[in-house]
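Here's the structure, in structure tokens; my notes come after.
The values are calculated or read from the model by the stated rules, or taken from the named source; none is laboratory data. The shown structure was predicted, so the numbers you read here are calculated from the model rather than taken from an experiment. As a convention, Cβ positions derive from the backbone with ideal geometry for all residues, glycine included, and neighbour counts pool all protein chains shown.
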Amino acid sequence: MQKPTVAMVLGDPAGVGPELVAKLLTQTAQREKANILLIADRDELQKGLNIAQVSFDYDEISEQELPSYSFKLGKPALIHHKCSHPAPFEYGKATEQSGVYILETLKKSVTFAQAGYVQSICFAPLNKQAMHLGGLKYRDELHWFADQTNFHDFVCELNVVDGIWASRVTSHIPFKDIVPNLSIESVVDCICLLHRSLVQAGISQPKIAVQALNPHGGEGGVFGDEEIKIIKPAVEKARQEYGFELYGPFPGDTTMREVQHLKIDGVVSMYHDQFSTALKLLGFERGVTVQGGIPIPITTANHGTAYDLYGKNVAIPSAFEEAFNIAVRMGTGVLNTK
């Protein structure tokens, strides 16, 4: 079976990203799952290897060599990228230098994906403050990716823990703005995005649960009528128009019980913390974020840069490993649709 090519970047070199990449790629079994294209400053990669006290072999190639390059089993290829910002990196903190580097390496990974050289992207943890210092004009990397790919439809972060995926209709907005941003169309869009992502990850017939907004699901309108006016009609519309296997809407405090009982693959929540809190309690150290809706599969660990852990060789790679595994699965899905 043909293997996908996964672009991998270090995230913020001032955090645990280089260490996580080193710990992942020192594992032969992981390296052999896909063709891995590292886009990184070779010196920062080496610092990650030194911190983790590991090593692995890789080929260094130029961007011009990439279109005709033949990957070797279990041997990543590195395209060396030197940050355009002249200042040296400052480790253990968010800086403009790190932000510029993050944006430049992510930009290259997107460009290679758009050219068809890679099928998915996996990036180590980054920092939004550093990215804003480095020139990010959007509130988060998800909307930056949408701009870079000229994608204008519905997008949302997807969180994944232990095979359970979660999407949300509203995300990084104040709580008071949640209800004004809910509509039948936005709920249906979120259901469709989650279904599409699950299929791309290899789940041919996903089972999806939808959450209610109000306590007890609104109790027939006593505690709120968003379930009656918006959420239930959206579930019925998605079920009738697309034939999706949908359940709910379930009250927020009982959703996880239903997920486990019904063996649900994915959950559509109405706001940021509604189901992601339960997922993080289930396994924070294994959590993955997928940039949902973007036409290129893009994954990362669900935790941050952990600046305070830089250089200590204590970073746990389990979440990043899961992010890589999902990038491989979704990249395979891209290959299978060609």
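Among the residues of region 94-116, those identified as in a loop (DSSP other than H, G, I, E, B) and crowded, with 17+ Cβ neighbours inside 10 Å are A94, T95. When the strands (runs of 3 or more DSSP E) confined to region 220-338 are screened for residues that are not assigned by TED's automatic domain parsing to the domain that holds W144, those reaching at least 2 such residues are found at 245-250, 266-269, 288-292.
Which ones in region 271-322 are among the β-branched types (V, I, T) and either under 19 Å from A34 (Cα atoms) or touching a strand residue (DSSP E or B) at 6+ places or on another chain (Cβ under 7 Å) (or both)? Matches in region 271-322: V288, T289, V290, I296, I298, T299, T300.
Here A212 meets each of (1) of a type outside the set (S, T, N, Q); (2) surrounded by 22 or more Cβ atoms within 10 Å (Cβ to Cβ); (3) at pLDDT below 95 with one exception, condition (3). Whether a residue is surrounded by 14 or more Cβ atoms within 10 Å (Cβ to Cβ) and without any contact (Cβ under 8 Å) to a residue 12 or more places away in the chain was assessed, and Q46 passes this test. Note down all Cβ pairs under 9 Å where the first residue falls in region 162-178 and is not assigned by TED's automatic domain parsing to the domain that holds F275, the second is polar (S, T, N, Q), and they're at least six residues apart or on different chains. From region 162-178, no pairs qualify.
Within region 216-237, the set of residues being of a type outside the set (A, V, I, L, M, F, W, C), under 14 Å from Q274 (Cβ atoms) and modelled with pLDDT of 95 or more comprises E226, E227.
Entry remark, region 28-43: residues being surrounded by 12 or more Cβ atoms within 10 Å (Cβ to Cβ) and without any contact (Cβ under 8 Å) to a residue 12 or more places away in the chain number 1 in total. Across region 132-147, the number of residues qualifying as of a type in the set (A, V, I, L, M, F, W, C), free of Cβ contacts under 8 Å to residues at least 60 places away in the same chain and out of contact with any Ser or Thr (no Cβ under 7 Å at 6 or more places or on another chain) comes to 2.
Do we have Y242 as in contact with a strand residue (DSSP E or B) (Cβ under 8 Å, 6 or more places away or on another chain), among the aromatic types (F, W, Y) and surrounded by fewer than 23 Cβ atoms within 10 Å (Cβ to Cβ) here? Spell out the reasoning first.
Details: in contact with a strand residue (DSSP E or B) (Cβ under 8 Å, 6 or more places away or on another chain): no; among the aromatic types (F, W, Y): yes; surrounded by fewer than 23 Cβ atoms within 10 Å (Cβ to Cβ): yes.
Against the criterion (in contact with a strand residue (DSSP E or B) (Cβ under 8 Å, 6 or more places away or on another chain), among the aromatic types (F, W, Y) and surrounded by fewer than 23 Cβ atoms within 10 Å (Cβ to Cβ)), Y242 does not qualify.
From V155, V160, V188, grab the single residue that is surrounded by 15 or more Cβ atoms within 10 Å (Cβ to Cβ) and modelled with pLDDT under 95.
On inspection, the qualifying residue turns out to be V155.
Looking only at region 49-76, count every residue that is part of a loop (DSSP other than H, G, I, E, B), touching a residue at least 12 places away in the same chain (Cβ under 8 Å) and surrounded by fewer than 12 Cβ atoms within 10 Å (Cβ to Cβ) and tell me the total.
Step one: filter region 49-76 for residues part of a loop (DSSP other than H, G, I, E, B), giving 53-58, 62-65, 69-71, 73-74, 76.
Narrowing the set further to residues that are touching a residue at least 12 places away in the same chain (Cβ under 8 Å) leaves 53-58, 62-63, 71, 73-74, 76.
Subset that is surrounded by fewer than 12 Cβ atoms within 10 Å (Cβ to Cβ): 53, 57, 62, 73.
Counting residues in region 49-76 that are part of a loop (DSSP other than H, G, I, E, B), touching a residue at least 12 places away in the same chain (Cβ under 8 Å) and surrounded by fewer than 12 Cβ atoms within 10 Å (Cβ to Cβ) gives 4.
Taking the numbered list (1) of a type outside the set (A, V, I, L, M, F, W, C); (2) out of contact with any Leu (no Cβ under 6 Å at 6 or more places or on another chain); (3) at pLDDT below 95 in turn, G293 passes all entries but (2). Residue count for region 195-209 satisfying the condition of being β-branched (V, I, T) and either exposed (fewer than 13 other Cβ atoms within 10 Å of the Cβ) or in contact with a Leu (Cβ under 7 Å, 6 or more places away or on another chain) (or both): 1. Pairs meeting the criteria (first residue in region 116-131 and on the phi > 0 side of the Ramachandran plot and at pLDDT below 95, second residue of a type outside the set (A, V, I, L, M) and crowded, with 24+ Cβ neighbours inside 10 Å, beta carbons under 7 Å, at least 6 apart or on different chains) are lacking. Using the structure shown, decide if L194 is outside the structural domain of G92 (by TED's automatic domain parsing), among the hydrophobic types (A, V, I, L, M, F, W, C), touching a strand residue (DSSP E or B) at 6+ places or on another chain (Cβ under 6 Å) and modelled with pLDDT of 95 or more. When the stated conditions are applied, L194 passes them. Per the conditions (1) within 16 Å of the chain's Cα centre (by Cα); (2) at pLDDT 95 or above; (3) surrounded by fewer than 17 Cβ atoms within 10 Å (Cβ to Cβ), the sole criterion not satisfied by G304 is (2).
Among the residues of region 279-288 satisfying the criterion of being of a type outside the set (G, A, S) and at pLDDT below 95, which is surrounded by the most Cβ atoms within 10 Å (Cβ to Cβ)?
In the first step, residues of region 279-288 are kept if they are of a type outside the set (G, A, S); the result is 279-282, 284-286, 288.
Checking which are at pLDDT below 95 leaves us with 279-282, 284-286.
Values: L279: 24, K280: 17, L281: 10, L282: 15, F284: 12, E285: 14, R286: 19.
The selected residue is L279.
Of G217, G252, G248, G243, all but one fail to be on the phi < 0 side of the Ramachandran plot and small (G, A, S); the exception is G252.
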